[in-house]
Amino acid sequence: MIEESDYIYIMDRGYPSRENLQSWQAKEISFVARVSKSLRLGILEEYTPTHSSVVQDAKVSYTVSQPPVRYVEFIDEKQRTYRILTIRFDLTDQQIMELYRARWTIELFFKWIKQHLRFTKIWSTKPQGIWNQMFLALIAYGLTLIVKLQTNSKKTPWEFFRLLQTYLYKTVGSFTKALNKKNKKTSKGRQKVPIPKQKVSPELGNVALDKKGTKERKRR
C-alpha cells in the first residue's frame, strides 16, 4: 500500500524494517516512521533541537548503500521515548514530532469506524472487495458528519449516528424533533435502603403486675 511518492506515510514500529526503508528510499517515498532500538544508527551530524520535548535531532545512517536519513527522538507527557526516522530534512523537529503525534488521531478514527460501522469482518478477500467495503464505510461516516454539521448538533458522533439510523426511513420533521429532544433524567439514581429500627422493650426488671388493682383504679 506504500507506493505513491507524493505523500507522507506515518507509521508505527511494525513497518520500517531495514528492507522496507531501503525500498522506500529507492522509490523516494516520504515517510515518518517510528523505529525500534534494534535498528543500529550511525550519527553523521548533530542538529540543535528547537523544542523542549525533542531530545536529539541528527543526520544518521543505518546502512552504507543508502543515503543518510534524519533521526528525531522526543519524549511525550508520560515520559515515553519515541525514535523517529524520516527523509524530510526540510521540516523542523517540532513538525516531525507533531506529524507522528497526529497518527493517534487517525488510529482513533479507524477504531470508531471498526466499532460503529461494522468493519470488524470483511465481506470479500479480494482487494477490490476490501476497497469497496472501506469506501462504503468512509461514505457513511462522511454523510453522517455532513448532516451533523448542518444541524449544529451537540451530540457525540456515535449518538448522532444511532439517531440517524433510527429515523433513516422516517420524516425529516420526526428526526429533527428527536434530535432536539432533551434527555430527561427519570431515574433517581442509587437510593439508600432504609433499615428498620428494632423496637426495644424497656428493661423493668422483675415487676409484678396487679391486674385487680388496675381495674379498680379505672372504675374509680
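The values are calculated or read from the model by the stated rules, or taken from the named source; none is laboratory data. In this text, all values refer to a predicted model and were calculated from it rather than measured experimentally. Reconstructed Cβ throughout: ideal geometry from the backbone, glycine too, with neighbour counts over all protein chains shown. Heavy atoms of the whole protein, side chains included, go into the accessibility calculation; ligands, DNA and RNA do not. Shrake-Rupley method; radii C 1.70, N 1.55, O 1.52, S 1.80 Å.
So which of V55, V64 ends up being open to solvent by 50 Å² or more (accessible area, probe 1.4 Å) and part of a strand (DSSP E or B)? Reasoning before the result, please.
Numbers: V64 fails: part of a strand (DSSP E or B).
Answer to the selection: V55.
Which one of these does T81 not meet: (1) out of contact with any Leu (no Cβ under 7 Å at 6 or more places or on another chain); (2) under 15 Å from I10 (Cα atoms)?
Of (1) out of contact with any Leu (no Cβ under 7 Å at 6 or more places or on another chain); (2) under 15 Å from I10 (Cα atoms), only one is false for T81: (2).
Against the conditions (1) loosely packed, with under 14 Cβ neighbours inside 10 Å; (2) within 30 Å of R162 (Cα to Cα), where does H116 fall short? Just the number, please.
(1)
Restricting attention to the stretch 35-52, does a residue exist that is within 26 Å of W104 (Cα to Cα), in a strand (DSSP E or B) and small (G, A, S)?
no
Does the stretch 120-152 hold any residues that are assigned to a loop (DSSP other than H, G, I, E, B), under 24 Å from the mean Cα position of the chain (by Cα) and farther than 20 Å from L108 by Cβ, and which are they?
K121, I122, N152
Out of all the residues in the stretch 153-162, is one or more more than 16 Å from W112 (Cα to Cα) and among the hydrophobic types (A, V, I, L, M, F, W, C)?
No, every residue in the stretch 153-162 fails to be more than 16 Å from W112 (Cα to Cα) and among the hydrophobic types (A, V, I, L, M, F, W, C).
Of these, E46, E77, E73, which one is farther than 21 Å from A26 by Cβ, open to solvent by 60 Å² or more (accessible area, probe 1.4 Å) and within 29 Å of the chain's Cα centre (by Cα)?
On the way: E46 fails: within 29 Å of the chain's Cα centre (by Cα); E73 fails: open to solvent by 60 Å² or more (accessible area, probe 1.4 Å).
After ruling out the rest, the residue left standing is E77.
Residue by residue, here is whether (1) open to solvent by 100 Å² or more (accessible area, probe 1.4 Å); (2) out of contact with any Phe, Trp or Tyr (no Cβ under 7 Å at 6 or more places or on another chain); (3) modelled with pLDDT of 85 or more holds:
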site: K126; (1), (2), (3): yes, yes, yes
site: K148; (1), (2), (3): no, no, yes
site: N152; (1), (2), (3): yes, yes, yes
site: T156; (1), (2), (3): no, yes, no
site: F160; (1), (2), (3): no, yes, yes
site: K192; (1), (2), (3): yes, yes, no
site: K199; (1), (2), (3): yes, yes, no
site: K212; (1), (2), (3): yes, yes, no
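Here are the criteria: (1) outside any helix (DSSP H, G or I); (2) closer than 30 Å to R34 by Cα; (3) not small (G, A, S). Tell me which single one K155 does not satisfy.
Unmet for K155, out of (1) outside any helix (DSSP H, G or I); (2) closer than 30 Å to R34 by Cα; (3) not small (G, A, S): (2).
Out of curiosity, is K111 part of a helix (DSSP H, G or I) and either surrounded by 10 or more Cβ atoms within 10 Å (Cβ to Cβ) or touching a Cys at 6+ places or on another chain (Cβ under 8 Å) (or both)? Write out each step before concluding.
Numbers: part of a helix (DSSP H, G or I): yes; either surrounded by 10 or more Cβ atoms within 10 Å (Cβ to Cβ) or touching a Cys at 6+ places or on another chain (Cβ under 8 Å) (or both): yes.
Criteria met by K111.
Go over the candidates S52, S61 one by one and state the one that is free of Cβ contacts under 8 Å to residues at least 24 places away in the same chain and closer than 15 Å to F89 by Cβ.
Answer to the check: S61.
What number of residues within the stretch 86-95 are surrounded by 18 or more Cβ atoms within 10 Å (Cβ to Cβ) and either over 27 Å from the mean Cα position of the chain (by Cα) or under 12 Å from Q56 (Cβ atoms) (or both)?
Number of matching residues: 2.
Is one or more of the residues making up the stretch 14-32 closer than 21 Å to T105 by Cα and loosely packed, with under 14 Cβ neighbours inside 10 Å?
Yes, the stretch 14-32 contains at least one residue that is closer than 21 Å to T105 by Cα and loosely packed, with under 14 Cβ neighbours inside 10 Å.
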